[in-house]
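To start, the structure under review is shown below, and the notes come after it.
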Amino acid sequence: MTREEFNKCAEVYSDYVFRFILKNISDYASAEDIVQEAYEKMWLRHEDIDFQKAKSYLFACAYSTMIDYLRKNHDKILQPLEPDLNIIQESFPQFSGVKEALEFALKRLPAEQRSVIVLRDYEGYSYEEISQITSLSLSAVKVYIFRGRVAMKKMLEKLGATVNEF
């Protein structure tokens, strides 16, 4: 990849990568740092990267950098294996729209489920591409997406939101 192609990649994909990371960690400053580090890793290997695969490579770098961040800060960020629906019932929030309810449910998913759902439903990646980005098997990606969607649906039902898209 040339310098111009790298700059074009930064111009075109930086917002997408940032949104993906921010939806997963909900910390603006850390998300910026992770995206910056992903671009740095990409630049260090830019001569070996085909421009046609730059987007996937960038998301894979950002994802692995985010996982490293989560592992390093695991004592600050505790994610349950399955969402606790009783907590949601106790703190019944009010939403002005379906988007807010979806964001609320998405933030309460375990990190793996949240990541693959964001890549699939928000960024539009195929199952195979998500498997490559996350280094998960294709069947694991499908299972995480299915379980995440089911958990979100249950959360939304507990919240009283009616969403026909599920």
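The values are calculated or read from the model by the stated rules, or taken from the named source; none is laboratory data. Every value quoted in this text rests on a predicted model; they were computed, and no experiment measured them. Backbone-built Cβ (ideal geometry, glycine too); neighbour counts: all protein chains shown.
Taken over segment 1-20, the criterion of being assigned to a helix (DSSP H, G or I) and either surrounded by fewer than 16 Cβ atoms within 10 Å (Cβ to Cβ) or of a type in the set (Ser, Thr, Tyr) (or both) is satisfied by ARG3, GLU4, GLU5, ASN7, LYS8, GLU11, VAL12, TYR13, SER14, ASP15, TYR16, ARG19.
Annotation for segment 144-162: at least one member residue is surrounded by fewer than 14 Cβ atoms within 10 Å (Cβ to Cβ) and at pLDDT 85 or above. Inside segment 21-43, residues that are farther than 12 Å from CYS61 by Cα and not hydroxyl-bearing (Ser, Thr, Tyr) make up a count of 9. If I go through segment 21-36 residue by residue, how many of them are surrounded by fewer than 17 Cβ atoms within 10 Å (Cβ to Cβ) and within 25 Å of ILE49 (Cβ to Cβ)? So the count comes out to 3.
For the structure I just gave you, tell me whether ILE130 is at pLDDT 90 or above, of a type in the set (A, V, I, L, M) and touching a Leu at 6+ places or on another chain (Cβ under 6 Å). Judged against the criteria, ILE130 is a match.
Among the residues of segment 117-131, those that are buried (at least 18 other Cβ atoms within 10 Å of the Cβ) and in a helix (DSSP H, G or I) comprise ILE117, VAL118, LEU119, ARG120, GLU129, ILE130, SER131. For beta carbons closer than 7 Å, sequence separation of 6+ or different chains, a first residue in segment 39-56 that is farther than 16 Å from SER14 by Cα and a second that is surrounded by 11 or more Cβ atoms within 10 Å (Cβ to Cβ) and of a type in the set (Ser, Thr, Tyr), the qualifying pairs are ILE49/TYR57. Restricting attention to segment 42-64, the residues being assigned to a helix (DSSP H, G or I) and either touching a Phe, Trp or Tyr at 6+ places or on another chain (Cβ under 9 Å) or of a type in the set (Ser, Thr, Tyr) (or both) number 14.
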